[in-house]
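Chemist: The structure that follows is given in the form of structure tokens.
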Amino acid sequence: MPGVTAFVYHDDYQKYQFGPNHPFQPIRERLTLDLLKSLGAFNGKAKLFEPRPAREEDLLLAHKEEYVSFVKRMSRLGLGYLEFPDTPVSLGIYDGAISVVGGTIYASDLVMRGEVAHAFNPGGGLHHAKPRTAAGFCVFNDIVIAVRHIQRDYGIKRIAILDIDGHHGDGTQLMLYREPILKIDFHRYGDFFYPGTGSVDEIGDDGGKGYTINIPLPFGTGDEAFLYAFDQVAVPLLRAFQPEIIIQQFGVDAHYGDPLVGLALTTKAYETIASKIHALSHELSDGRLVILGGGGYDPPSVARCWAIMFVTISEVEPQDRERYSKIFDAYQPEESPSSFEAVKATVKRIKEVIFPIHGIG
Ligand SMILES: [Zn+2]
Ligand SMILES: [Zn+2]
């Protein structure tokens, strides 16, 4: 399908930072943009869009007023913690946070108004933030804000959220647990790994029962097991759900080079995931696909993963194919047979418990 894919970015995203020694470094977003420019990606099919910051009323779609005021106050002070010990305060963090949230709202608007086919906001995907607290480097939960914004302004009901970050999207799950919004979340789980939630038995409650789908992955899970679970679980559930829009949190800290997570995906898996979700968006939701960033703590690897994803969903032809092929990983980590067995057991359980709720035989 023709149509432009938006890369949504503002230099104010660089203010979303927690200090020079913190693992979260917004330079990765700038690096992704630079890499795409150097590949000649912005050649008609892809375009750069600059968002406005979110307004306070947008933040209140997912957060309590006292918390928003607290972040503002701390941001002027520039000292202490929003949440101890992961999420320290930095001077101007509020401005950075409303800039990246504004990017997600703008990406949603561009897609919903049909101005672009797909949109990527590398500053978004802050899935740990909760109504009254920051958590895990996330100040405001732009995913839930986007869901509320889309529901309110466009009357859309069937929203699917796919989260492939190496960590469980606990903030998103918490806020949407009782609602029939499809949430499929792949993440490392077990051995006290952060944040500790996201077991296969957390399936939602009330009207949301069966709409929370967790795919916990053991340490060392690689491409083959991940893509197996993706094909077996995410694809049939999305087809059964028939979303009107797909929001994908595309954190890339499950990459084998990531210093924090301990999963073992490669660029090839990220290309495959992007290609599948892109095809599903055209099949199911008229192409409406909003992709957000998320984790990723080795900035050069993050830039490569996101650039590959963006080239794939926008279907741009890189000017220099040979140079493009060189940004893929040359190395393929060994997959552990025991982690594949564990993933197979999880998939089996989801098919038994969740699939009947969606009428999948
Ligand atoms: Zn497309
Ligand atoms: Zn993460």
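Chemist: What residue, of TYR256, TYR228, is within 18 Å of the chain's Cα centre (by Cα), more than 20 Å from THR197 (Cα to Cα) and of a type outside the set (Lys, Arg)?
Modeler: From the options TYR256, TYR228, the qualifying one is TYR256.
Chemist: Given the conditions (1) hydrophobic (A, V, I, L, M, F, W, C); (2) within 16 Å of ligand 2 (Cβ to nearest atom); (3) out of contact with any strand residue (DSSP E or B) (no Cβ under 6 Å at 6 or more places or on another chain), report the number of the one that PHE18 does not fulfil.
Modeler: Failed condition: (3).
Chemist: So, one more: Quick check on segment 113-132. Is at least one of its residues closer than 24 Å to ALA303 by Cα, in a loop (DSSP other than H, G, I, E, B) and touching a Lys or Arg at 6+ places or on another chain (Cβ under 8 Å)? Give the steps one after another, and end with the answer.
Modeler: At the first step, the residues of segment 113-132 found to be closer than 24 Å to ALA303 by Cα are 116-129.
Keeping just the survivors that are in a loop (DSSP other than H, G, I, E, B) gives 116-117, 122-129.
Checking the rest, the ones that are also touching a Lys or Arg at 6+ places or on another chain (Cβ under 8 Å) come to 116, 122.
Yes, there is a match, as at least one residue in segment 113-132 is closer than 24 Å to ALA303 by Cα, in a loop (DSSP other than H, G, I, E, B) and touching a Lys or Arg at 6+ places or on another chain (Cβ under 8 Å).
Chemist: Which ones in segment 67-100 are assigned to a helix (DSSP H, G or I), within 16 Å of PRO26 (Cβ to Cβ) and not acidic (Asp, Glu)?
Modeler: SER75, ILE93, TYR94, GLY96, ALA97, ILE98, SER99, VAL100
Chemist: In addition: Pairs only if they're at least six apart or on different chains, beta carbon under 7 angstrom, first in segment 115-134 and within 18 Å of PRO88 (Cβ to Cβ), second of a type in the set (Gly, Ala, Ser) and at pLDDT 95 or above; list them, first residue then second.
Modeler: HIS128/ALA135; HIS128/GLY136; HIS128/GLY171; ALA129/ALA135; ALA129/GLY171; LYS130/GLY171
Per-residue answers, yes or no, for (1) within 21 Å of VAL8 (Cβ to Cβ); (2) within 16 Å of ligand 1 (Cβ to nearest atom); (3) of a type in the set (Asp, Glu); (4) modelled with pLDDT of 95 or more:
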| residue | (1), (2), (3), (4) |
| --- | --- |
| LEU260 | no, no, no, yes |
| LYS276 | no, yes, no, yes |
| SER281 | yes, yes, no, yes |
| GLY287 | yes, yes, no, yes |
| GLY294 | yes, no, no, yes |
| PRO300 | no, no, no, yes |
| ILE313 | yes, yes, no, yes |
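Chemist: OK, next. Going by the structure shown, is GLY40 loosely packed, with under 13 Cβ neighbours inside 10 Å, closer than 30 Å to ILE327 by Cα and touching a residue at least 60 places away in the same chain (Cβ under 8 Å)?
Modeler: no
Chemist: Could you check segment 272-308 and list, in sequence order, the residues that are within 16 Å of ligand 2 (Cβ to nearest atom) and on the phi < 0 side of the Ramachandran plot?
Modeler: In the first step, residues of segment 272-308 are kept if they are within 16 Å of ligand 2 (Cβ to nearest atom); the result is 273, 291-299, 301-302, 305-306.
Hits for segment 272-308 are ILE273, ILE291, LEU292, GLY293, GLY295, TYR297, ASP298, PRO299, SER301, VAL302, CYS305, TRP306.
Chemist: Spot the failing condition for ALA54; the list is (1) under 28 Å from LEU176 (Cα atoms); (2) within 23 Å of the chain's Cα centre (by Cα); (3) not in a loop (DSSP other than H, G, I, E, B), and only one is missed.
Modeler: All conditions are met except number (3).
Chemist: Does TYR270 meet the test of being assigned to a helix (DSSP H, G or I), more than 16 Å from ligand 1 (Cβ to nearest atom) and touching a Cys at 6+ places or on another chain (Cβ under 9 Å)?
Modeler: yes
Chemist: Quick check, is SER99 small (Gly, Ala, Ser), within 25 Å of MET74 (Cβ to Cβ) and modelled with pLDDT of 95 or more? Spell out how you get there, then give the answer.
Modeler: Working: small (Gly, Ala, Ser): yes; within 25 Å of MET74 (Cβ to Cβ): yes; modelled with pLDDT of 95 or more: yes.
In short, yes.
The values are calculated or read from the model by the stated rules, or taken from the named source; none is laboratory data. In this text, all values refer to a predicted model and were calculated from it rather than measured experimentally. When we count neighbours, we look across all protein chains shown, and the Cβ atoms used for this are built from the backbone with ideal geometry, even at glycine.
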